[in-house]
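The values are calculated or read from the model by the stated rules, or taken from the named source; none is laboratory data. Source: prediction; values computed, not measured. In this analysis, Cβ positions are derived from the backbone assuming ideal geometry, glycine residues included, and neighbour counts consider all displayed protein chains.
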């Protein structure tokens, strides 16, 4: 006979009282001056590919996961980062190898150099600001001093261009890495909002945009070549 799980099992899912957005901590590293790198399944999934590649290469420690009732299992918008107030998505969980999983943002820590690698997830229209602010709260808690966002852009131009929260950072990127501004236009979804709100909070931040060719039939189809161009900038 299958027994009923005890109430204490709920603690593992984020606490006895469910909130709209919450973080499950595994460990809080003691660090100052860490750099956060964030990417999500945006245009051709360049940001996601870069962060996934860094995680595979550097083997960092998973230190926290962010959950939200605003994360759909199935998006009603195409692409997923084009949130719409009347299309909140379909809720649910994933099942793999007999285990249940929720949509989430994951934070990984690498001690030297100190990095917080962030696998982003798009919230629906109602929760996108709440989720982005919670991510920035977490960065503040673990001592992040600079944020690097990675994304794609679908216009002609250099392989990699950038945007930043200050002219000082832009000048430094140009001088040290030869990366300049190039993309102008909207920056949708999780990564764009975290980048924008970082400026509002006074957190130094810049974004590396990898040039890619959009695919209207599958906007988030991975572009491995473009993600490699971003990784080779050396930033």
Selection from segment 209-234 of residues assigned to a helix (DSSP H, G or I), more than 15 Å from residue 162 (Cβ to Cβ) and touching a residue at least 60 places away in the same chain (Cβ under 8 Å) yields 224, 227
Selection from segment 109-122 of residues that are under 21 Å from residue 42 (Cα atoms) and in contact with a strand residue (DSSP E or B) (Cβ under 6 Å, 6 or more places away or on another chain)
116, 117, 118, 119, 120, 121
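Could we say that residue 178 is out of contact with any helix residue (DSSP H, G or I) (no Cβ under 6 Å at 6 or more places or on another chain) and at pLDDT below 95 here? Spell out how you get there, then give the answer.
Working: out of contact with any helix residue (DSSP H, G or I) (no Cβ under 6 Å at 6 or more places or on another chain): yes; at pLDDT below 95: yes.
The answer is yes for residue 178.
Could you list all residues from segment 140-149 that are surrounded by 24 or more Cβ atoms within 10 Å (Cβ to Cβ) and either at pLDDT below 95 or part of a loop (DSSP other than H, G, I, E, B) (or both)? Step through it out loud before you land on a result.
Our first condition is that a residue be surrounded by 24 or more Cβ atoms within 10 Å (Cβ to Cβ); within segment 140-149, this holds for 144, 147, 149.
Once the filter is applied, which keeps residues that are surrounded by 24 or more Cβ atoms within 10 Å (Cβ to Cβ) and either at pLDDT below 95 or part of a loop (DSSP other than H, G, I, E, B) (or both), segment 140-149 yields nothing.
Results for (1) touching a helix residue (DSSP H, G or I) at 6+ places or on another chain (Cβ under 7 Å); (2) surrounded by fewer than 23 Cβ atoms within 10 Å (Cβ to Cβ); (3) outside any helix (DSSP H, G or I); (4) at positive phi, shown as yes or no for each residue.
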{"site": "125", "(1), (2), (3), (4)": "no, yes, yes, no"}
{"site": "133", "(1), (2), (3), (4)": "yes, yes, no, no"}
{"site": "138", "(1), (2), (3), (4)": "no, yes, no, no"}
{"site": "151", "(1), (2), (3), (4)": "yes, no, yes, no"}
{"site": "156", "(1), (2), (3), (4)": "no, yes, yes, no"}
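Among the residues of segment 86-108, is there at least one that is within 22 Å of residue 228 (Cβ to Cβ) and either in contact with a strand residue (DSSP E or B) (Cβ under 8 Å, 6 or more places away or on another chain) or crowded, with 21+ Cβ neighbours inside 10 Å (or both)?
Here is the first cut: in segment 86-108, the ones within 22 Å of residue 228 (Cβ to Cβ) are 108.
Now restrict to residues that are either in contact with a strand residue (DSSP E or B) (Cβ under 8 Å, 6 or more places away or on another chain) or crowded, with 21+ Cβ neighbours inside 10 Å (or both): 108.
Yes, segment 86-108 contains at least one residue that is within 22 Å of residue 228 (Cβ to Cβ) and either in contact with a strand residue (DSSP E or B) (Cβ under 8 Å, 6 or more places away or on another chain) or crowded, with 21+ Cβ neighbours inside 10 Å (or both).
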Got a number for residues in segment 38-58 being outside any helix (DSSP H, G or I) and either farther than 30 Å from residue 145 by Cβ or touching a strand residue (DSSP E or B) at 6+ places or on another chain (Cβ under 8 Å) (or both)?
4
Quick one: how many residues across segment 202-230 are closer than 15 Å to residue 36 by Cα and surrounded by 15 or more Cβ atoms within 10 Å (Cβ to Cβ)?
6
Members of segment 109-123 found to be touching a residue at least 60 places away in the same chain (Cβ under 8 Å) and surrounded by fewer than 17 Cβ atoms within 10 Å (Cβ to Cβ), listed by number:
111, 113
Are any residues in segment 65-79 closer than 17 Å to residue 188 by Cα and touching a helix residue (DSSP H, G or I) at 6+ places or on another chain (Cβ under 9 Å), and if so, which ones?
70, 71, 79
